[in-house]
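**Student:** Next up is a structure, given as structure tokens.
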Amino acid sequence: MFPIIDHLIFAAPSLELGMDVIEEIIGVRPVVGGQHKGRGTHNALLTFGDIYFEVIAPDPSQPYVSRPLWMKIDQVMKPKLWTWATITDDLFELEKKAIKNQIPLGRIESGTRSQTNGDILKWQLTEPVLENEDGIMPFFLDWGDSIHPSRSLISAGEIIDFRAIHPNPEFIKNQLRKLGVNLNVEKGIDSHLEATIRTLKGEVIHL
């Protein structure tokens, strides 16, 4: 069984391209979400049960934001599963564990995003760090009183498997366990994430 996933992030050079790719693979087109103001990105969303799926790309309407953009999104050369987030209800206790075990963890910050209907989502998170083993090390979220985005998104099926590939899987698994995360990590040459999805039509596809 894979760990508790808050959401998966699928990055693309442009939002339209990312939406096109996901629609072609999964059969459902993500719905435009909104902007991450001041971060230079915007997104489109759909959901797999309680797990929401975020297509994210550089936002051309925010050309003034310094580079690299949030989560190095401006360095994406082709659409791919980029990173992921899990949930915690105590970010400050998590921060203590990371410091104790010398695990890179982003500082705790508050985030907001304006939705297309005008509503504002608010959350706290550990800022995604650049030293995240090619997206394998997650960042952590606490939604507080906000309604989770998955509640209002169109469904695209379900995630039936989630894993990571890394040249040194035992090191990664050990780091994750110290943060309370149990992820299947397998040995491979190139570090990356893999998700297996059952679509609404019953097809099993891999990202």
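Readers should treat all values here as calculations from the given coordinates under stated rules, not as data from a laboratory. This one's a predicted model, so the numbers in the text were calculated from it and none came from an experiment. Cβ: placed from backbone, ideal geometry, glycine included. Neighbour counts: every protein chain shown.
**Student:** Averaging over every viewing direction, what projected area does the convex hull of the Cα atoms of the stretch 7-156 cover, in nm²?
**Tutor:** 8.7 nm²
**Student:** For Thr126, what is the net charge nearby, where nearby means another residue's Cβ is under 11 Å from its Cβ and Lys, Arg count +1, Asp, Glu -1?
**Tutor:** Combined, the nearby Lys, Arg, Asp and Glu give -3.
**Student:** Suppose we keep just the DSSP beta bridges with both residues in the chain; what percent of those would be antiparallel, to 5? Numbers along the way, then the final one.
**Tutor:** Details: 39 of 52 bridges.
Expressed as a percentage, antiparallel bridges in the chain total about 75.
**Student:** If the cut-off is 30 Å between C-alpha atoms, which lysines fall inside it for Lys78, apart from same-chain ones fewer than 8 positions away?
**Tutor:** Qualifying lysines at Cα under 30 Å: Lys37, Lys122, Lys173, Lys187, Lys201.
**Student:** Moving to a separate point now. Aspartates and glutamates within cross-link reach of Lys178: Cα-Cα under 13 Å, excluding same-chain residues under 8 positions apart?
**Tutor:** By straight Cα distance, Lys178 reaches Glu93, Glu95, Glu170.
**Student:** Further question: With a cut-off of 8 Å between alpha carbons and a minimum separation of six or more residues, what is the relative contact order of the chain in percent?
**Tutor:** The value is 22 percent.
**Student:** Now for a separate question. What distance in nm separates the simple spin-label points at Glu131 and Arg163, each placed 7 Å from Cα in the Cβ direction?
**Tutor:** About 2.8 nm, to one decimal.
**Student:** How much length is gained on full extension from Lys187 to Asn174, taking 0.36 nm per residue of separation minus their Cα-Cα distance?
**Tutor:** That works out to 3.3 nm of additional length.
**Student:** Plugging the Kirkwood radius over Cα pairs into Stokes-Einstein for the stretch 16-101, at a temperature of 20 °C and a viscosity of 1.002 mPa s, what D comes out in µm²/s?
**Tutor:** Answer, rounded: 145 µm²/s.
**Student:** Assuming R0 = 35 Å, can you tell me the calculated FRET efficiency for the pair Met77 and Lys100, based on Cβ-Cβ distance, to the nearest 0.05?
**Tutor:** For R0 = 35 Å, the calculated efficiency reads 0.45.
**Student:** Between Asp90 and Lys37, what is the FRET efficiency for a Förster distance of 22 Å, r being their Cβ-Cβ separation, to the nearest 0.05?
**Tutor:** After rounding, the FRET efficiency stands at 0.20.
**Student:** Can you give the FRET efficiency for Tyr64 and Thr112, using 1/(1 + (r/R0)^6), R0 = 30 Å, r = Cβ-Cβ distance, to the nearest 0.05?
**Tutor:** Efficiency computed from Cβ-Cβ geometry: 0.95.
**Student:** Okay, moving on. Can you give the local net charge around Arg177? Use residues other than it whose beta-carbon is closer than 12 angstrom to its beta-carbon, Lys and Arg +1, Asp and Glu -1. Kindly include the intermediate steps, with their values, before the conclusion.
**Tutor:** Values: positive: Lys97, Lys173, Lys178; negative: Glu170.
Net charge around Arg177: +2.
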